[in-house]
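Data first, discussion second: the structure below is written as structure tokens.
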Amino acid sequence: MIRGIVYLKNNKGRIAYAGKSNQTISIMKKLGGLDWVALVLTIVGGLNWGLVSLLNWNLVDTIFGAMSGASQIVYGLVGLSALYILVISGKLSKK
């Protein structure tokens, strides 16, 4: 008897979880390459805002220059990544 929720990987590379009855309740696809890039960029953006808040230090501006073209691209990519994560989070949470 399986107790609680168990995560399994089937032969198609999908994640499935089963309840107490060994019955597969749902199959959720693994994160793809774009999903991971968006997730990492969103985390980097969040950490950067944390540094700005706590230490008044902007890592992106330190690396690329204050409001340089490169830093604006990074900020734009972080914003797009957050929107992408917002859209796919609904799909990933459906059971």
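Residue check: is LEU77 at pLDDT 90 or above and either polar (S, T, N, Q) or over 22 Å from LEU92 (Cα atoms) (or both)? So LEU77 fails the test. In segment 30-74, of all residues being among the polar types (S, T, N, Q) and part of a helix (DSSP H, G or I), the one that is farthest from ILE88 (Cα to Cα) corresponds to THR62.
The values are calculated or read from the model by the stated rules, or taken from the named source; none is laboratory data. This one's a predicted model, so the numbers in the text were calculated from it and none came from an experiment.
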